[in-house]
Amino acid sequence: MWKALRLPWRRDVLAGVDLDGNLYFERSVRSAQRTRRHVVYKKNINVAEYNDQLIPIQWQAWMRHTRSQPPTIQELLHDVERRRRLAENVHRLATKGMSRAVAGPEAVDTAQNSRSQPPPPPPTASKTSAPGESFEPEGWKPDSANTRSNKKDNN
């Protein structure tokens with residue numbers, strides 16, 4: 001808690017903590033227009049092992065100054081729950097797709113036929129042509145009177 005106090009002699013001020021225990025700091029720099037933000041990982045990580053997935057997307061947005069306020073713990077917990085529900089739905093859809101594949105194409109056809117089918121297209125008129133439908137472009141040939149050499153001769 002004492003790290004979050006903005007005291008005149010303190011360079012780094014604690015902005016928050018994520019669910020993994022990583023610490024996020026903000027530093028005011030006199031020559032810069034905006035603050036510098038950095039993270040102190042709970043575990044020592046080599047540069048080669050760095051991955052964007054190490055910190056939550058909400059904290060990434062804060063680090064890049066996309067959002068002004070750091071995310072709350074409730075926001076991070078809500079995102080974890082959303083990801084869990086998403087993974088559950090993906091798993092449910094995958095097993096549903098597998099059951100259709102095991103049942104064969106007949107089950108898929110009957111499922112598609114049970115849905116409402118779009119109305120058939122209206123019948124087309126018999127051999128009536130629209131204006132300009134029989135138009136065929138011809139090649140363009142300039143008149144010899146309009147060429148530059150003839151204009152020079154005429155002047």
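Can you tell me which condition residue 94 does not meet? The list is (1) open to solvent by 70 Å² or more (accessible area, probe 1.4 Å); (2) modelled with pLDDT under 95, and all the others hold. Residue 94 satisfies all of (1) open to solvent by 70 Å² or more (accessible area, probe 1.4 Å); (2) modelled with pLDDT under 95 except (1).
Hey, among the residues in the range 45-59 that are part of a helix (DSSP H, G or I) and farther than 14 Å from residue 19 by Cβ, which one's least open to solvent (accessible area, probe 1.4 Å)? Spell out the reasoning first.
First pass over the range 45-59, keeping only residues part of a helix (DSSP H, G or I): 47-49, 52-54, 57-59.
Filter once more, so that each one left must be farther than 14 Å from residue 19 by Cβ: 47-49, 52.
Values: 47: 136, 48: 102, 49: 113, 52: 68 Å².
Step by step, filter the range 45-59, then rank; the result is 52.
In this structure, residue 67 does not qualify as open to solvent by less than 100 Å² (accessible area, probe 1.4 Å), modelled with pLDDT of 85 or more, within 23 Å of residue 11 (Cβ to Cβ) and not in a loop (DSSP other than H, G, I, E, B). Contact map, the range 92-105: first residue on the phi < 0 side of the Ramachandran plot and charged (D, E, K, R), second residue at pLDDT below 75 and surrounded by 10 or more Cβ atoms within 10 Å (Cβ to Cβ), Cβ cut-off under 9 Å, separation 6 or more or different chains; pairs are 100/107; 100/108; 100/111. Inspection of the range 111-119 identifies no residue that is at pLDDT 65 or above and either within 31 Å of the chain's Cα centre (by Cα) or open to solvent by less than 90 Å² (accessible area, probe 1.4 Å) (or both).
With respect to residue 103, determine if the residue is modelled with pLDDT of 70 or more, surrounded by 10 or more Cβ atoms within 10 Å (Cβ to Cβ) and of a type in the set (A, V, I, L, M). Judged against the criteria, residue 103 is not a match.
The values are calculated or read from the model by the stated rules, or taken from the named source; none is laboratory data. All values derive from a computational prediction rather than experimental measurement. In this analysis, Cβ positions are derived from the backbone assuming ideal geometry, glycine residues included, and neighbour counts consider all displayed protein chains. The accessibility values were calculated without ligands, DNA or RNA, using every heavy atom of the protein model including side chains. Shrake-Rupley method; radii C 1.70, N 1.55, O 1.52, S 1.80 Å.
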